[in-house]
1. DSSP H helices in the chain with Cα extent of 18 Å or more along the helix axis and mean Kyte-Doolittle hydropathy at least 0.5?
2. So, with a 1.4 angstrom probe, what is the percent of accessible area on the chain that is carbon and sulfur?
3. In a GNM of the chain with a 10 Å cut-off on Cα contacts, which of V18, V194, V79 has the highest mean-square fluctuation?
4. Run the count for the chain, please: Lys pairs, Cα-Cα under 27 angstrom, 8 or more apart or on different chains.
5. Between I31 and A196, take the C-beta separation as r, use R0 = 30 Å, and let me know the FRET efficiency to the nearest 0.05.
6. Spin-label point model (7 Å from Cα, Cβ direction): what's the E204 to S179 distance in nm?
7. Counting only heavy atoms of the protein chains, get the accessible area per residue of segment 1-100 (1.4 Å probe) and round it to a whole Å² value.
8. Report the relative contact order of the chain, percent, no decimals, based on alpha-carbon pairs under 8 angstrom and at least 6 residues apart.
Amino acid sequence: MKDKFSATFLVMAVLFTVCLISSNLFATKVISLGGISLPGAVLVFPISYILNDCIAEVWGYRKARLVIWTAFAMNIFVVLMGQVIVWMPAAQFWDGAPHFDYMFAMAPRVALASVAAFLAGSTLNALVLSRMKLAGGGRHFGLRAIVSSVAGELLDSLIFIPIAFFGAPLKTLLVMMLSQVSFKVLYEIVILPVTAAVVRKVKEAEGTDTFDEGISYNPFKISDI
């Protein structure tokens, strides 16, 4: 029997995808927080990990894997279409071309780093949360959410920063990685009570609390949902 349709799952999946795509656009502005320079994406990207935690906790790793790959595909689509439109000639009366090009003409290396880091980090986040849930019998969601986020964000930064900023001094790369991971994890810790409350409400409303027993954790087994 097929699973029943869940509007909540659909909304979370859409929000997850929007967070990923918008974070690539927001990353074009570097902001200053407490004297630390960070890409604007740090304000929205952690939300994707919070949603990832909710999806993996309520519906399981297999559904999280499907959403991650869907978001990955949509991000590739936006990046490619943005590049195609950048290459097309602008209308003579329109003076916004340089600004549009700045937003969407991501260097291939940066675009590759971004999507590869997202795919690896988000998958690891869902996997760690799922395995810890099984090991702990579903207890300690807060701990699982933080540990999985640290693992996912760390892998994300270890992939993205060295590729995107190749050639920068090692010390600079390490400071950037530490700053981004610390900020993102702190962000998620602060909002953890809200995340936990949402997870409880969704579980009650959906009547679902998935334990991933006997499943394949192969990240490429997308058809297994």
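The values are calculated or read from the model by the stated rules, or taken from the named source; none is laboratory data. Since this is a predicted model, take the numbers as computed values, not measurements. Every residue, glycine as well, gets a Cβ built from its backbone with ideal geometry; the counts of neighbours run over all protein chains shown. Only protein heavy atoms, including side chains, enter the accessible area calculation; ligands, DNA and RNA are left aside. Shrake-Rupley method; radii C 1.70, N 1.55, O 1.52, S 1.80 Å.
1. Numbers: long enough: 7-26 (28 Å, 2.11); 45-59 (21 Å, 0.90); 61-87 (39 Å, 1.21); 108-136 (42 Å, 1.06); 141-164 (33 Å, 1.51); 170-190 (30 Å, 1.36); 192-206 (21 Å, 0.29).
Qualifying helices: 7-26, 45-59, 61-87, 108-136, 141-164, 170-190.
2. Working: 8750 of 12080 Å².
On the chain, the fraction of accessible area on carbon and sulfur atoms equals 72 percent.
3. Looking only at V18, V194, V79, the largest GNM fluctuation is found for V194.
4. Summing the qualifying lysine pairs gives 25.
5. Details: r = 28 Å, r/R0 = 0.94.
According to the calculation, E is roughly 0.60.
6. 4.2
7. Values: 5460 Å² over 100 residues.
About 55 Å² of surface per residue is accessible.
8. Details: 249 pairs, mean separation 57.8, N = 225.
The normalised contact order for the chain reaches 26 percent.
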